[in-house]
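**Student:** One structure is given below, represented as structure tokens, and several questions about it will come after.
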Amino acid sequence: MKFSINRCVFNHITSSPSYIKTKVITLIYRSYGADCLGFVVPRVLGPANQRNRFRRQCRGAFNVIHYNNNIASVGIIVKPKSMDITYSQIEGAFNKLSNKLLKN
């Protein structure tokens, strides 16, 4: 399933967001009518293949928490601090987000 996001949705999410920050990744989220996932991954962080791999891993982690936990519709923007991120770190950040959304 695609969770792509356009500029209007991006601005909506960043206008009054909530954050989940870890050492390597920041998740900006806000309730939204549909599930969507956006990325801020500048070229400075690494070559295209590493950036694309990071995006694929984030989409996979989002799919897992979305289908396993049945969370409400949410818009998420992902901002990494570097490309030296393991899948377990990505999964941990998304699990924190899932726990926070399930509490609310």
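**Student:** Once amide H atoms are built 1.01 Å from N in the peptide plane, which residues 5 or more positions from Val74, or in another chain, come under 5 Å H to H?
**Tutor:** Close amide H contacts, sequence-distant or interchain: Tyr32, Asp35, Cys36.
**Student:** Looking at the chain, send over the antiparallel percent of its DSSP beta bridges, to the nearest 5.
**Tutor:** Values: 11 of 15 bridges.
Around 75 percent of the beta bridges assigned by DSSP in the chain are antiparallel ones.
**Student:** Could you derive backbone 3J(HN,Hα) for segment 67-80 from the dihedral phi with the Karplus parameters 6.51, -1.76 and 1.60 (θ = phi - 60°), listing whole Hz in sequence and x where the residue is Gly or Pro?
**Tutor:** In residue order, the calculated couplings are 7, 6, 9, 6, 7, 5, 4, 8, x, 10, 10, 10, 10, x Hz.
**Student:** Using only Cα atoms, locate the centre of segment 9-29 and the centre of segment 56-104, then give the distance between them in Å, rounded to an integer.
**Tutor:** Between the Cα centre of segment 9-29 and that of segment 56-104, the gap is 12 Å.
**Student:** Among (1) 98; (2) 76; (3) 107, only one was calculated for this model; which label is it, if the read-out is volume of the Cα convex hull per residue in Å³?
**Tutor:** This structure yields the entry labelled (1).
**Student:** Here is a further query. Take the alpha carbon gyration tensor of segment 61-104, find the square roots of its eigenvalues, order them as a ≥ b ≥ c, and report rounded if a/c is under 1.5; if not, report prolate when a/b exceeds b/c, else oblate. Intermediate results must be reported in sequence, preceding the final value.
**Tutor:** Working: a/c = 2.17, a/b = 1.84, b/c = 1.18.
Verdict is prolate for segment 61-104.
**Student:** I've got another one for you. In nm, give the distance between the simple-model label positions of Ala72 and Thr22, each being 7 Å from the Cα along the Cα-to-Cβ direction.
**Tutor:** Using points 7 Å along Cα→Cβ, the separation is 2.4 nm.
**Student:** Kindly write out, for segment 45-54 in residue order, the coupling ³J(HN,Hα) from the Karplus curve 6.51 cos²θ - 1.76 cosθ + 1.60 (θ = phi - 60°), rounded to whole Hz, with x marking Gly and Pro.
**Tutor:** 6, x, x, 4, 5, 6, 5, 5, 4, 4
**Student:** In what order, largest first, do His66, His12 sit by accessible area if the probe radius is 1.4 Å?
**Tutor:** On the way: His66 30, His12 65 Å².
Of His66, His12, the descending order of accessible area is His12, His66.
The values are calculated or read from the model by the stated rules, or taken from the named source; none is laboratory data. Computed from a predicted model, the values in this text were never measured in an experiment. Note: ideal-geometry Cβ built from the backbone for every residue, glycine included; neighbour counts use all protein chains shown. These area figures cover heavy atoms from the full protein model, side chains too; ligands, DNA and RNA do not enter into them. Shrake-Rupley method; radii C 1.70, N 1.55, O 1.52, S 1.80 Å.
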